[in-house]
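Worksheet: the structure to be examined is printed underneath.
The values are calculated or read from the model by the stated rules, or taken from the named source; none is laboratory data. Every value quoted in this text rests on a predicted model; they were computed, and no experiment measured them. Note: ideal-geometry Cβ built from the backbone for every residue, glycine included; neighbour counts use all protein chains shown.
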Amino acid sequence: MSFAVELTISVLLLIGGLFVLVGSVGLLRLQDLYVRLHAPTKATTLGLGGILIGSMVYMFHLQGHVSINELLITLFLVITAPVTAHILAKAALHNQVDTMERTRNKHLIATAREQLPPEKNGQSKEKT
């Protein structure tokens with residue numbers, strides 16, 4: 001294997017591992033459930049993407065063709081991570097999980113829990 005291929009694979013694996021580490025630390029250190037959702041969905045998805053691309057480069061160099069396994073894993077990861085985070089956030093919202101004190105626009109949280117559209121221009125609709 002040439003030095004350039006080994007260097008490319010190593011850089012992709014290191015960058016991917018760094019992003020996975022940052023996402024894991026963010027999951028542990030962030031204060032709020034809503035904020036914690038960003039760490040695994042953003043950083044870890046990007047990290048696993050780097051690791052999978054490194055694996056694709058290695059398998060391409062080894063076998064001579066692109067492996068469909070890594071492509072499918074990347075596709076499912078990119079599709080399912082945001083959907084899962086959205087479902088978890090909606091479940092936490094309806095179960096009235098507390099937010100941090102410095103969260104902005106808290107009035108929108110109450111509106112979302114009631115499943116009403118947000119008020120526009122200070123006009124409120126009467127409930128019937």
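Quick one: which of Ala4, Ala43 is within 30 Å of Asn105 (Cα to Cα) and either within 16 Å of the chain's Cα centre (by Cα) or free of Cβ contacts under 8 Å to residues at least 12 places away in the same chain (or both)?
None of the other options fit; the residue is Ala43.
Looking for something under 28 Å from Lys106 (Cα atoms) and either polar (S, T, N, Q) or buried (at least 17 other Cβ atoms within 10 Å of the Cβ) (or both) - is there at least one such residue anywhere in segment 15-24?
Yes, the conditions are met somewhere in segment 15-24.
Please pick out the residue among Gly54, Gly50, Gly17, Gly26 that is among the small types (Gly, Ala, Ser), in contact with a Gly (Cβ under 6 Å, 6 or more places away or on another chain) and either assigned to a helix (DSSP H, G or I) or modelled with pLDDT of 85 or more (or both).
Answer to the selection: Gly50.
Return yes or no: is Tyr34 in contact with a helix residue (DSSP H, G or I) (Cβ under 8 Å, 6 or more places away or on another chain) and either surrounded by fewer than 18 Cβ atoms within 10 Å (Cβ to Cβ) or modelled with pLDDT of 90 or more (or both)?
The answer is no for Tyr34.
Looking for whichever is in contact with a Gly (Cβ under 9 Å, 6 or more places away or on another chain) and in contact (Cβ under 8 Å) with a residue 60 or more places away in the chain here; the options are Val35, Val78, Val97. Which one fits?
Being in contact with a Gly (Cβ under 9 Å, 6 or more places away or on another chain) and in contact (Cβ under 8 Å) with a residue 60 or more places away in the chain holds for just one of Val35, Val78, Val97, which is Val35.
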